[in-house]
Amino acid sequence: MSAFSLKGRLVILLSLLLALILSILPLPELIAPFRPDWLLVTLIYWSIALPHRANVGTAFVAGLMLDLLLGSVLGVHALALVIPVYLAASQFQRMRNYSVWQQSFVVGALAMLNKLVIFWTAYLNSEVQLDYHYFWSIVSSMVFWPWIFLLLRKCRRQFALS
């Protein structure tokens, strides 16, 4: 394995680790519903920017790690991350041609799909009710997408990842 390949894997791994930390960071009850889906947004970026390095397998492993950290049913977040990342990775050339604001709406749709899969699996396991607070994180993911995109693109260019 070359040093270049190791450096690229390390940058992606560290960004996913930071996204995992931000996903489990405790927040006050007032702003907790507005927490963006950090891990999903980070995985979408890497699957669009470097689809040969971060793909469905990466999303599955990251989802299992999130399940372990949150103490949820094993595989729920893995499934909920794999589906949107697959859709983003399969259309990565089209997504690259969109402006950042257009990508933000696509990220919102993918975040909605993520939330619906998580709700669906929770509904199958127990009786849960859908609350409008549940979907605020979709809006915040859309709002944060341009800044996350620019930050991760800067990291990718700084470390010359391709």
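Throughout, read-outs are computed from the coordinates displayed, never taken from laboratory work. Everything numeric in this text was worked out from a predicted model, so none of it was measured. All Cβ positions, even for glycine, are placed from backbone atoms using ideal geometry, and neighbour counts span all protein chains on display.
At a 10 Å Cβ-Cβ cut-off, how would you order F34, F119, fewest neighbours first? Show your work: numbers first, answer last.
Details: F34 14, F119 17.
In increasing order of surrounding Cβ atoms, one gets F34, F119.
For the stretch 3-158, the mean projected area of the C-alpha convex hull, equal to one quarter of the hull surface, is 9.1 nm².
What FRET efficiency would be calculated for the residue pair R153, S5, taking the C-beta separation as r and a Förster radius of 22 Å, to the nearest 0.05? Don't skip to the end; give the middle numbers.
Details: r = 20 Å, r/R0 = 0.90.
So, using R0 = 22 Å, E works out to roughly 0.65.
Taking neighbour counts of Cβ atoms within 10 Å as a proxy for exposure, in what order, fewest first, do K7, K115, K154 appear?
Values: K7 13, K115 20, K154 10.
Taking fewest neighbouring Cβ atoms as first place, the list is K154, K7, K115.
Among 77-83, 130-136, 96-102, sorting by the average number of other beta carbon atoms lying within 10 angstrom of each residue, highest first, gives 77-83, 130-136, 96-102.
For the stretch 62-117, calculate the relative contact order in percent as a whole number, restricting contacts to Cα pairs under 8 Å that are 6 or more residues apart. Walk me through the numbers on the way to the answer.
On the way: 35 pairs, mean separation 18.2, N = 56.
Dividing the mean separation by the residue count of the stretch 62-117 yields 32 percent.
Translational diffusion of the stretch 85-132 was estimated from the Stokes-Einstein equation, with Rh taken as the Kirkwood radius over Cα pairs; at 25 °C and 0.890 mPa s the coefficient is 199 µm²/s.
Each of N97, P26, L124 was scored by the projection of its Cα onto the charge dipole of the chain, and the greatest displacement toward the positive side belongs to N97; charges sit on the C-beta of Lys, Arg, Asp and Glu.
Each Lys and Arg adds +1 at its Cβ and each Asp and Glu adds -1 at its Cβ; summed about the Cα centre, the stretch 1-112 shows a dipole of about 440 debye.
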